[in-house]
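Take a look at the structure set out below.
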Amino acid sequence: MVKYSIISFKPGEKTNLQSQIENGIEGRMGFHVYYFTVTNGFHTLLLVINNYDKNNATYIIYDQHGPTSSQGGLSDLAEGIRKQTSWTFANTCLNRYEAGKSNSWDATNTYLWKIQRK
C-alpha cells in the first residue's frame, strides 16, 4: 500500500535511528516515552518503549485516537516510525489534492524528543 511505503530511508538512516533509540534506553529498565512529530509538524505522536525486559523490549506509537498500527518489537522501531511518517505524508498529499493545492508538497521531517523526569 502506498500509504505505508511512500517514504523510504536513505542509506544508513534506518540503522542510525535505531541505534540512537537503543543507545538512549540501554541499561535503563522501565518505560521510555518520546514525543515526536512527523511530516514537518503536521502530526504529533507519542512513542512508548517498554524496556522492562531488555531481551523482549517493545514499542507502541500513539496518536490522538489511541494506539496506531506502528507497534512491535524494539528491533522494528525504525520501520514503525518510517511507516507512521509515510502514512501521515500520504494523508497530507490527499488533503492537498482534495483542496486543489497540489502544486507543493509537505516536508517529510520527523523530530523526536525524549520526555525525561528531572
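For Met29 and Tyr4, compute 0.36 nm times the residue count separating them, minus their Cα-Cα distance, and round to one decimal in nm. Can you show the working numbers first?
Values: separation 25, 0.36 × 25 = 9.00 nm, distance 3.11 nm.
My answer for the length gained is 5.9 nm.
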Requested in this report: Select from Ile115, Asn95, Tyr52 the residue farthest towards the positive end of the dipole of the chain; place +1 on Cβ of Lys and Arg, -1 on Cβ of Asp and Glu, and compute about the Cα centre.
Outcome: Ile115
Query raised in the report: So what's the angle, to the nearest 10 degrees on a 0 to 90 scale, between helix 77-98 and the longest Cα principal axis of the chain?
Result: 20
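Per residue and in cubic angstrom, what volume does the convex hull of the Cα atoms of segment 1-111 have?
Values: hull volume 11.5 nm³, N = 111.
Cα convex hull per residue, to the nearest whole number: 104 Å³.
Normalised by the number of residues in segment 1-102, what is the relative contact order in percent for Cα pairs under 8 Å and 6+ residues apart?
Details: 137 pairs, mean separation 30.7, N = 102.
About 30 percent, as a whole number.
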Query raised in the report: How much length, in nm to one decimal, is gained on full extension between Tyr52 and Gln71, taken as 0.36 nm per residue of separation minus their Cα-Cα distance?
Result: 5.2 nm
Report task. Pop a pseudo-label 7 angstrom from the Cα along the beta-carbon direction at both Asp63 and Lys14 and give the gap in nm to one decimal. Result -> 2.2
Requested in this report: With +1 on each Lys and Arg Cβ and -1 on each Asp and Glu Cβ, and nothing else charged, work out how big the dipole of the chain is about its Cα centre, in Debye to the nearest 20.
Outcome: 220
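For the peptides 76-88, 17-29, what is the packing order when you average, over each peptide's residues, the other Cβ atoms within 10 Å and list the highest mean first?
On the way: 76-88: 21.5, 17-29: 13.5.
Ranked from most to least packed, the peptides come out as 76-88, 17-29.
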Report summary line: Once the in-chain neighbours fewer than 8 apart are removed, the lysines whose Cα is under 19 Å from Lys14 read Lys3, Lys83, Lys114
Query raised in the report: Where does helix 13-25 land angle-wise versus the long Cα axis of the chain, in degrees 0 to 90, nearest 10?
Result: 40
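FYI, it's all coordinate maths here, none of it is from the lab. Everything numeric in this text was worked out from a predicted model, so none of it was measured. Cβ coordinates were reconstructed from backbone atoms using ideal geometry, including for glycine residues, and neighbour counts include every protein chain displayed.
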